[in-house]
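The values are calculated or read from the model by the stated rules, or taken from the named source; none is laboratory data. Keep in mind that what you see is a predicted model, and the values were worked out from it rather than measured. Please note: Cβ atoms are built from the backbone with ideal geometry, for glycine as well, and neighbour counts cover all protein chains shown.
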Amino acid sequence: MALNIGGLVGLIVFYLITLATGIWASWKSKKEKRGDPTEMAIVAGRNMNFWVGLFTATATWVGGAYINGTAEIVYLPSRGLLWVQAPAGFALALLIGGLFFVNPMRSKNYLTMMDPIQEAYGNTMGSLLFIPSLIADVFWFAAILASLGATMKVILDIQGYLAIIISACTVILYTLLGGLYSVAYTDVIQLVFIMASLWICVPFAMTNFATESIFYTIGRNVFQPPWVGKIEVWDIGRWLDDFLYLVLGAIPWQTYFQRVLSASSAKQARFISYLSGMGCFILAIPSVLIGAVAASTDWNQTDYGLPTPNDRGESALILPLVLHYLCPTYISIGGLGAIAAAVMSSGDSALLSASSMFAHNIYRKILRKKATEKDVLWVMRVSMVAFGTLAGVLAFYSHSIYDLWLLGGELVYALLFPQLCCVLFIPNTNTYGSAAGFVFGLLLRLLAGEPSLKIPPFICYPGCSVVDGVYIQRFPFKMVTMLITLLTIISVSYLAAFAFKRNLLPHEWDISNDILSQYRWIGGCDLKPSLHLSVLWILRQRERNMQEETWLG
């Protein structure tokens with residue numbers, strides 16, 4: 001196979017257009033000068049155009065791992081269409097986010113998802129809870145970079161590491177220059193390119209001479225099991241667990257809140273959330289069809305030959321393989337552009353998300369409280385380079401696109417989602433409950449093992465079995481871990497409040513000053529902690545005297 005010069009030139013032109021758009025958006029954001037510089041970089045001055053906001057919200061979720069992973073799952077003989085959960089899961093996640101999470105976040109003009117957590121639980125817990133969010137964003141970026149590298153290797157016959165380096169550098173550069181404005185306007189171009197390119201590829205792949213009709217093979221397939229797939233009884237718990245993880249675990253991401261917080265009104269933010277969910281679902285259809293085509297193809301009649309991609313362990317590359325071997329060259333190049341666009345549209349979001357939270361919530365609120373706006377912006381830019389480099393390095397070592405994509409959000413689901421629910425909807429929770437939930441939830445998740453990393457479980461839930469030497473948890477342990485984390489936060493918070501207020505624990509042990517802080521403001525004066533007991537005693541004594549006077553009267 002020779003280097004595809006035409007495809008390489010076309011891809012370079014696409015990258016240059018994307019970079020030029022990002023630079024133009026950067027210039028536009030500086031010209032408008034609405035709000036402070038940090039607010040402009042993180043939430044675009046809270047004045048994002050509705051249609052631009054809709055496009056960027058949709059493009060954020062439709063990444064390279066999304067379109068590659070969807071085709072892979074449809075194609076796999078052991079999975080099929082019924083196991084493709086991300087499109088419906090993300091659509092429901094964005095619907096729930098718009099219904100319940102947009103208004104509480106916008107009502108207090110937060111900049112990041114970590115703001116309410118730091119406000120309720122303090123900087124220490126904010127720092128700890130930033131870690132799973134950072135890991136998720138970096139893993140997400142790494143997963144989509146890996147998918148692009150594998151795709152370019154198949155279609156253009158260039159080394160995957162070159163694609164990873166070039167793509168990472170391009171994303172870092174335009175995100176660094178313009179913040180959310182650059183990300184949003186480049187997302188518009190990228191999303192249009194994704195929609196056009198993938199839909200153009202589908203009819204060519206479906207009509208290839210080596211492919212049976214997918215409407216025939218949905219029920220009877222001579223090449224492998226029907227691509228619709230099936231869910232065995234013993235897999236129902238695992239299926240539900242993965243689906244709920246996608247629905248609820250897709251909400252507590254800064255990439256999502258960055259979009260809804262940048263809209264000009266709460267009403268627009270809700271509509272952006274609802275419509276972007278529909279967009280995610282619709283944009284998965286071409287990948288589903290391509291996966292079905294792959295499952296309906298006699299690969300021996302193509303230049304790929306036998307054994308099949310599944311037998312060679314190349315199922316993760318099924319989308320670029322279909323584009324390369326079942327479509328004309330000029331069409332496959334368009335499909336490659338769609339994957340590159342999907343990678344950049346999600347990669348820039350992950351990069352901006354991690355750097356925004358680090359600069360605003362860690363650097364400005366913890367490390368240097370007197371930092372200027374200029375300092376915060378520079379820290380954001382430096383962290384973009386650092387996190388982008390780390391994701392690029394991880395992309396070299398990824399072996400399964402889909403596993404890495406799912407793995408990135410599990411800690412967010414188990415640890416961050418319960419914390420966010422508590423700070424927004426259960427105001428009486430406190431730092432002690434938050435810390436207990438974090439530790440207990442993290443411990444439970446680690447002890448459950450991780451099949452993609454071949455880590456055996458220390459806790460074998462009901463239905464746990466060994467398949468091909470790998471432990472599989474069929475019980476919905478992710479959902480259980482999330483619920484236990486949530487219950488731990490609530491129960492420990494109320495127990496701690498009860499123990500301190502009833503003097504079962506010394507007040508000096510209230511190191512976070514959460515429980516007794518409500519008594520600190522008496523008559524507009526901020527009292528010292530040493531006066532808490534005296535003030536409480538005076539208040540109680542007054543209450544008793546008033547009750548006695550009422551009774552005597």
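Within region 304-319, can one find any residue that is closer than 26 Å to Thr56 by Cα and not aliphatic (A, V, I, L, M)?
No, that holds for no residue.
Taking the options Leu95, Leu76, name whichever one is assigned by TED's automatic domain parsing to the domain that holds Val393 and closer than 23 Å to Leu261 by Cα.
Testing whether each residue is assigned by TED's automatic domain parsing to the domain that holds Val393 and closer than 23 Å to Leu261 by Cα leaves just Leu95.
Given the criterion modelled with pLDDT of 85 or more, in contact with a Leu (Cβ under 8 Å, 6 or more places away or on another chain), aromatic (Phe, Trp, Tyr) and not assigned by TED's automatic domain parsing to the domain that holds Pro116, identify the matching residue among Phe417, Phe475, Phe440, Phe458.
Phe458
For region 288-299, how many residues are under 31 Å from the mean Cα position of the chain (by Cα), buried (at least 24 other Cβ atoms within 10 Å of the Cβ) and more than 11 Å from Leu76 (Cβ to Cβ)?
3
Which ones in region 436-472 are in contact with a helix residue (DSSP H, G or I) (Cβ under 8 Å, 6 or more places away or on another chain) and either on the phi > 0 side of the Ramachandran plot or assigned to a loop (DSSP other than H, G, I, E, B) (or both)?
Ala448, Pro457, Phe458, Ile459, Tyr461, Gly463
Check whether at least one residue in region 44-53 is in contact with a strand residue (DSSP E or B) (Cβ under 8 Å, 6 or more places away or on another chain), surrounded by 22 or more Cβ atoms within 10 Å (Cβ to Cβ) and part of a helix (DSSP H, G or I), and report yes or no.
Scanning region 44-53, I find at least one residue that is in contact with a strand residue (DSSP E or B) (Cβ under 8 Å, 6 or more places away or on another chain), surrounded by 22 or more Cβ atoms within 10 Å (Cβ to Cβ) and part of a helix (DSSP H, G or I), so the answer is yes.
List every residue pair whose Cβ atoms lie under 7 Å apart, where the two residues are 6 or more positions apart in sequence or sit on different chains, the first residue falls within region 378-393 and is at positive phi, and the second residue, located anywhere, is modelled with pLDDT under 90 and part of a helix (DSSP H, G or I).
Matching pairs, first to second residue: none at all.
Pairs needed: first member in region 5-16, in contact (Cβ under 8 Å) with a residue 24 or more places away in the chain; second member anywhere, surrounded by 17 or more Cβ atoms within 10 Å (Cβ to Cβ) and of a type outside the set (Val, Ile, Thr); C-beta distance under 6 Å; at least 6 residues apart or different chains.
So the pair list comes out as Gly7/Leu156; Leu8/Leu156; Phe14/Gly337.
Out of everything in region 228-268 that is among the hydroxyl-bearing types (Ser, Thr, Tyr) and assigned to a loop (DSSP other than H, G, I, E, B), what residue ends up being surrounded by the fewest Cβ atoms within 10 Å (Cβ to Cβ)?
Ser265
Looking only at region 156-172, count how many residues are at pLDDT 80 or above and buried (at least 19 other Cβ atoms within 10 Å of the Cβ).
Summing the residues that are at pLDDT 80 or above and buried (at least 19 other Cβ atoms within 10 Å of the Cβ) in region 156-172 gives 6.
Has region 133-143 got any residue that is more than 26 Å from Tyr15 (Cα to Cα) and surrounded by fewer than 24 Cβ atoms within 10 Å (Cβ to Cβ)?
Yes, that holds for at least one residue.
Of these, Thr112, Thr56, Thr70, which one is crowded, with 23+ Cβ neighbours inside 10 Å, in contact with a His (Cβ under 6 Å, 6 or more places away or on another chain) and either assigned by TED's automatic domain parsing to the domain that holds Arg270 or among the β-branched types (Val, Ile, Thr) (or both)?
Thr112
Select from region 197-213 the residues that are touching a residue at least 60 places away in the same chain (Cβ under 8 Å) and surrounded by fewer than 22 Cβ atoms within 10 Å (Cβ to Cβ) and list them in ascending order.
Answer for region 197-213, where residues must be touching a residue at least 60 places away in the same chain (Cβ under 8 Å) and surrounded by fewer than 22 Cβ atoms within 10 Å (Cβ to Cβ): Trp199, Ile200, Val202, Phe204, Met206, Asn208, Phe209, Ala210, Glu212, Ser213.
Please work out if Asp187 is out of contact with any Gly (no Cβ under 6 Å at 6 or more places or on another chain), over 30 Å from Ser465 (Cβ atoms), of a type in the set (D, E, K, R) and not assigned by TED's automatic domain parsing to the domain that holds Tyr471.
yes
Give me the residue from region 300-324 that is farther than 16 Å from Glu72 by Cα and of a type outside the set (Asp, Glu) and, out of that set, surrounded by the most Cβ atoms within 10 Å (Cβ to Cβ).
Selected residue: Tyr304.
Just to be sure before I move on: is Ile339 farther than 30 Å from Asn300 by Cα, part of a helix (DSSP H, G or I) and β-branched (Val, Ile, Thr) in the structure I sent?
no
Got a sec? Which of Ser400, Ser383 is among the polar types (S, T, N, Q), assigned by TED's automatic domain parsing to the domain that holds Ser262 and at pLDDT 90 or above?
Being among the polar types (S, T, N, Q), assigned by TED's automatic domain parsing to the domain that holds Ser262 and at pLDDT 90 or above holds for just one of Ser400, Ser383, which is Ser383.
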